[in-house]
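Read through the structure below, which is laid out as structure tokens, and then see the notes.
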Amino acid sequence: MIKNLFIPKLGMTMEKGRIAEWAANDGDRVKEEQVVLILETEKVAHEITAPMSGLLAILGQAGEEYLCGAVVGVVVETETEYEAVKKDPSGYAASAENDGSVEGLSDGEVVCVTSSAQAQRSTGERIRISPLARKLAGMHQLDISVLAGTGPQGRIIKRDIEQAVAVGQAKKAVAQPAAAAFVPAPVDLCCGKRVKSVIPLVGMRKKIAENLGQSTSATARVSAMAELDMTEIVKLRDHLAQKASLLGCKITYTDLFIFMAAKALRIVPILNSSIVGDEIKIWADINIGFAVSVWKNEEESGLLVPVIRNADELSLGQISRARKSLMDKAREGTISLDELTGSTFTITNTGTFTSLWHIQTPIINQPEAAILGTSSIVERPVVVNGEIVPRPIMPVSFAFDHRIMDGAPPAKFMGLLQQMIEDPWMIMM
């Protein structure tokens, strides 16, 4: 028996995926539902598992991109079948793709599955675990069948693995109090400088680098900056925060920015557009992406942009709940490709990282026309009615593609944002 490993279509907009790495070697004997392939697409890594136990024959190369449906490997039962596949790998892959049939599955399905839950507990119950948590568990050689998950529906997530590792290290420290003799690490030199550590430019970081580099070279970016008096919006947000139990959600400044931006985009639709070929397409849907920082450690971090679809049709509470759900999924590694694609406008808020007054110059999230950057709210002296008084001020920056528009539409957008922030009753417009 031979079962194929396909590049699965993980989202509506997905056309191809990149093989980040093979988790098993060519010719290895693998077990059913063992992770054999890490697939990378749009900043998200997906684990692909073996459809049955047998010998793995690798047909696709790590680092290469393949169209959805392409056969990149097979699992076979016998050595004879393995040799037959390896004798003509390109011919076998082509015939498998053209055949389009997969044993035991209906049209449109694929033999490979992503790892949402693939191991079992001793009771026979499936274990729900995120791809990131599974990877961390493997690195630390943890038995996930004895772990309790704190994620949605008992799913094991990153923090569960980190807690288990911390407990294990504490026990080890008690059992082995004597410190090992210090051995200096070998010095690694590069370009005449000492190297502290090396971070491979792969996965999410590589995708971010490619996207930002492409945006910088393709767009005619112009940045406009301003300072907004947040006095009234701070009062509104504090009032709503006190009503969190009644509302069923805790409203954040990011929620308010998304809510207000969606209203302003309805009035200035050219900002909700993209260049497609030789045309500027103004989108009927207002889908707002918001940047979420995903930290691995002090040296490695990533950035995902979950999307709130049709934000202009949602209430503030609906936006808040959608944002919280998407943010949690992004940080737990459970977010889907569809939830990361289709945005028409993006907001990035760096005010959550520092209380320091600062201005950012965000890079446009291609193929969008503009991006709004918000920062920290800091008390600063301003002139009000001829007097110098302290007020909570927030610097904002707005980057737009000059190929699509001139300065008037961004100025109108910023003016609308200012009116809604300084007079929150305008939100009801």
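Relative contact order (percent) for region 270-429, with alpha-carbon contacts under 8 angstrom and 6 or more residues of separation?
20
What pairs from LYS16/LYS158; LYS243/LYS412; LYS31/LYS87; LYS281/LYS412; LYS3/LYS158 go past 25 Å between their alpha carbons? Walk me through the intermediate numbers first.
Working: LYS16/LYS158 27 Å; LYS243/LYS412 33 Å; LYS31/LYS87 23 Å; LYS281/LYS412 20 Å; LYS3/LYS158 32 Å.
Beyond 25 Å between Cα atoms: LYS16/LYS158; LYS243/LYS412; LYS3/LYS158.
Need one value: the accessible area of LYS193 in square angstrom, 1.4 angstrom probe, rounded to the nearest 10.
Looks like 120 Å² after rounding.
Defining a contact as two alpha carbons under 8 Å apart and six or more residues distant in sequence, what relative contact order in percent does region 1-41 show?
39
Multiply the residue gap between SER355 and GLU21 by 0.36 nm, knock off their C-alpha separation, and tell me the result in nm, one decimal place. Please list the in-between numbers first.
Details: separation 334, 0.36 × 334 = 120.24 nm, distance 4.00 nm.
Extra length available between SER355 and GLU21 comes to 116.2 nm.
What list of ³J(HN,Hα) values in whole Hz, one per residue of region 392-402 in order, does the Karplus curve 6.51 cos²θ - 1.76 cosθ + 1.60 (θ = phi - 60°) give from phi, with Gly and Pro shown as x?
Result, ordered by residue: x, 10, 10, x, 10, 10, 9, 9, 9, 8, 5 Hz.
At 0.36 nm per residue, minus the direct Cα-Cα distance, what do ILE267 and CYS190 gain on full extension? Give it in nm, one decimal, please.
So the extension gain works out to 22.4 nm.
For a label point 7 Å from the Cα of VAL383 along Cα→C-beta, name the residues of region 231-246 whose backbone N is under 20 Å from it.
Zone members listed by number: 231.
How do CYS191, CYS249, CYS68 rank by accessible surface area computed with a 1.4 Å probe, from largest to smallest? Don't skip to the end; give the middle numbers.
Working: CYS191 110, CYS249 15, CYS68 40 Å².
Descending accessible area places them as CYS191, CYS68, CYS249.
Summing +1 for each Lys or Arg and -1 for each Asp or Glu, what net charge is found among the other residues whose Cβ lies under 13 Å from the Cβ of PRO392?
-2
Quick one: length gained pulling THR150 to LYS281 fully straight, 0.36 nm per residue minus the C-alpha distance?
Values: separation 131, 0.36 × 131 = 47.16 nm, distance 4.34 nm.
Going from the current span to full extension adds 42.8 nm.
For region 264-393, with all protein chains present and a 1.4 Å probe, just round the carbon and sulfur fraction of the accessible area to a whole percent.
On region 264-393, the fraction of accessible area on carbon and sulfur atoms equals 53 percent.
Return the long-range amide H neighbours of LYS16 (sequence gap of 5 or more, or a different chain), with a cut-off of under 5 Å between placed amide H atoms.
CYS68
The values are calculated or read from the model by the stated rules, or taken from the named source; none is laboratory data. What you see is a predicted model, and the numbers here were worked out from it, not measured in a lab. Don't worry about glycine lacking a Cβ; one is built from the backbone with ideal geometry, like all the others, and counts go over all protein chains shown. Accessible surface areas use protein heavy atoms only, side chains included; no ligands, DNA or RNA. Shrake-Rupley method; radii C 1.70, N 1.55, O 1.52, S 1.80 Å.
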